[in-house]
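Okay, so here's the structure we're looking at.
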Amino acid sequence: MMRILLLICAVSIVRAATVVSISNDPEETIAKAGQRKEDSSYWIKAGQDALKYRLETSDADLSKLKAKNIIIFIGDGMGMTSITAGRIYKGQKHGSPGEEEQLVFDKFPYTGLSKTYNTDKQVPDSAATATAMFTGSKTKYETIGMDETRIMNDAVKGKLSSIMSWAQAVGKRTGIVTTTRITHATPAATYANVLDRDWECDSKIDTEAKDFYKDIAVQLVENSPGRNLNVILGGGRKPFGDPNVNETHTVRYGGDTEKVCGRLDNRNLTNEWLNIEVNSTRSYITHVNQLKSLDFANTNHLLGLFRNNHLTYSITKEEEEPSLAEMVEAAVKVLDKPNSKGFVLMVEGGRIDQAHHQNYARAAMEEMVQFDLAIEKGVTMTDKKNTLVIVTADHSHAVTLNGYPNRGNDILGFANKTATQMPYETLMYANGPGFYNHVFNSTSNWTGKVYFDTWKSIEGRAEERTKPTYQHMATLPLKDETHGGEDVIVFATGPGASLFRGVFEQNYIAHVMSYVGCMGPSRNIDNECNKSGAGSVFASLSVIGLSYVALFLRKFLF
């Protein structure tokens, strides 16, 4: 009997030691890319190895790394240049030179660098990067909620679960807020599983996939975790079959992102969403005034779709649209219920990215300021002792802050003003449609020698340069400017924030949320989520290592 008891004890110790064993090199498996299939099991192990490494090297009391609430803010396309320029723009709006200004998240105590590449691309897209951040597994370009093994004729193969599924499984409330369509890549990655990010409506699904996949909008209404979300705020009425036929457009913007798909099945998914639970605590709204007058205390589920497509760039916001900060305020009021088990909220400043794609530098900077205000709202409305707040980007953009402008020079102005040099702007793009705005006789089929405007002719366009649709200079003509591939910064504050340090793979972000929120695949990396007396013993014994356990087994059992 004694041997049996000792064997049980030893096995328990082995299990505990195995769970918390630390990889000396958390990037070792990733360095062997190409030697094995990079499916979800590969990336989950890599993420957990990185997490274990940082836990072992942490000076913090591990029990204090747990958070009741998690808010992750995604500045879509918010690379380092956007952060620096946005900070200066914010300061200049307040009448200062700008360089000394601080964004709210500049004050967060912890930062790290996230590697954003996809499994098949050096420079990523938002679908695959959001999938990495919200599921813990990297994937292929333009894929949402599925690993790289996904195929066209099977909606189950490669399917991943997200932070929203993990949160709901442990009783947390959940929500998503965005300035884009709710069905757009970043928000969709919290609840949908599709091979192609463009499948926002039934009209967009490839013919060979129609018998296997639901479109993204339908998945939100019919599938978990989408149908169980407590807060859904953003744009995209048309993909849900409830378009506003009288919608106004005070300013017309360019680019393919201004186009939005419609439904062929004639379903009104907003009505179907309301009928998931027919009671007074489920509300669907389409106007900012409805948002402001909402009875938050008695609202359990809130769907707000304020435009047919994305919300308008905030620099020319339409009458019915709330600001991102107003949506965050409403979301926290609905989510943060008394005696709840906490919440997980994803907030996206999605139009930073889309402004950059069209070289709309002024619009992008205004989106940065609005994103900062939304973060401030989220931070001030929550308890810093029990809420982990993360601010990061999914990827960067091909925008630069260059030249030798004087301190306090207009960040949207010129980097030089000399008669002997060709004039250029402080914010410029490596590529994009802005190219055509700065050459003589330019067309979309431009070839041959480039003839730039003279300084006098550009200066004469001062009024044009103040318009939200003015496109800054680009060096290569493209219809749509590209993303950038460099690492992006992760800012964090609150419980578990110290785990964001150094350089890590983007999927690591999901594993930190899993661990800190006691939910999902990494909740049991150690025993802190389910700690008991025995758990404390196992946690302390883990430092002994497997070699000591082996000696124990040899001496007492054999």
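The values are calculated or read from the model by the stated rules, or taken from the named source; none is laboratory data. Bear in mind that the values here come from a model prediction, so they are computed numbers and not experimental data. Cβ coordinates were reconstructed from backbone atoms using ideal geometry, including for glycine residues, and neighbour counts include every protein chain displayed. To get the accessible areas, we keep the full protein, side chains included, count just its heavy atoms, and leave off ligands, DNA and RNA. Shrake-Rupley method; radii C 1.70, N 1.55, O 1.52, S 1.80 Å.
Structure data summary
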item	result
Within the stretch 164-204, considering residues that are polar (S, T, N, Q) and either closer than 14 Å to M513 by Cβ or modelled with pLDDT under 95 (or both), the one surrounded by the fewest Cβ atoms within 10 Å (Cβ to Cβ)	Q168
Pair list, Cβ < 9 Å and 6+ apart or interchain, from the stretch 130-158 residues that are open to solvent by 30 Å² or more (accessible area, probe 1.4 Å) to residues that are outside any strand (DSSP E or B) and among the β-branched types (V, I, T)	K140/T119; Y141/T119; E148/T119; E148/T139; R150/T139; R150/T143; K157/T149
Some residue of the stretch 323-339 being polar (S, T, N, Q), in contact with a Lys or Arg (Cβ under 9 Å, 6 or more places away or on another chain) and surrounded by fewer than 24 Cβ atoms within 10 Å (Cβ to Cβ)	yes
Qualifying residue in the stretch 67-85 (condition: farther than 21 Å from Q354 by Cα and of a type in the set (F, W, Y))	no
Pairs, first of a type in the set (K, R) in the stretch 315-331, second at pLDDT 95 or above, C-beta under 8 Å, six or more apart	K317/L311; K317/S323
Boolean, V251 is aliphatic (A, V, I, L, M), in contact with a Ser or Thr (Cβ under 9 Å, 6 or more places away or on another chain) and modelled with pLDDT of 95 or more	yes
Candidates S137, S161, S114, S96 - the one that is hydroxyl-bearing (S, T, Y), more than 18 Å from G350 (Cα to Cα) and in contact with a strand residue (DSSP E or B) (Cβ under 8 Å, 6 or more places away or on another chain)	S114
Those residues of the stretch 371-415 which are among the charged types (D, E, K, R), buried (at least 20 other Cβ atoms within 10 Å of the Cβ) and not in a loop (DSSP other than H, G, I, E, B), in sequence order	D372, K377
Failed condition for E100, given (1) open to solvent by less than 40 Å² (accessible area, probe 1.4 Å); (2) modelled with pLDDT of 95 or more; (3) over 22 Å from the mean Cα position of the chain (by Cα)	(1)
Search result, residues across the stretch 46-80 that are polar (S, T, N, Q), surrounded by fewer than 21 Cβ atoms within 10 Å (Cβ to Cβ) and closer than 14 Å to N386 by Cα	S63
Residue that is farthest from V347 (Cα to Cα), among those in the stretch 389-416 that are under 26 Å from the mean Cα position of the chain (by Cα) and of a type outside the set (V, I, T)	L401
Check on T387, touching a strand residue (DSSP E or B) at 6+ places or on another chain (Cβ under 6 Å) and among the polar types (S, T, N, Q)	yes
Some residue of the stretch 328-342 being touching a strand residue (DSSP E or B) at 6+ places or on another chain (Cβ under 8 Å), part of a loop (DSSP other than H, G, I, E, B), under 30 Å from Q102 (Cβ atoms) and of a type in the set (G, A, S)	yes
Positions within the stretch 291-315 being out of contact with any strand residue (DSSP E or B) (no Cβ under 8 Å at 6 or more places or on another chain) and not acidic (D, E), in sequence order	K292, S293, F296, A297, N298, T312, Y313, I315
Test: residue in the stretch 425-434 that is in a loop (DSSP other than H, G, I, E, B), modelled with pLDDT of 95 or more, open to solvent by 20 Å² or more (accessible area, probe 1.4 Å) and at negative phi	yes
Close pairs (6 angstrom Cβ cut-off, 6 or more residues apart or separate chains): within 21 Å of K172 (Cα to Cα) in the stretch 280-303, aromatic (F, W, Y) and at pLDDT 95 or above anywhere	L303/W273; L303/Y284
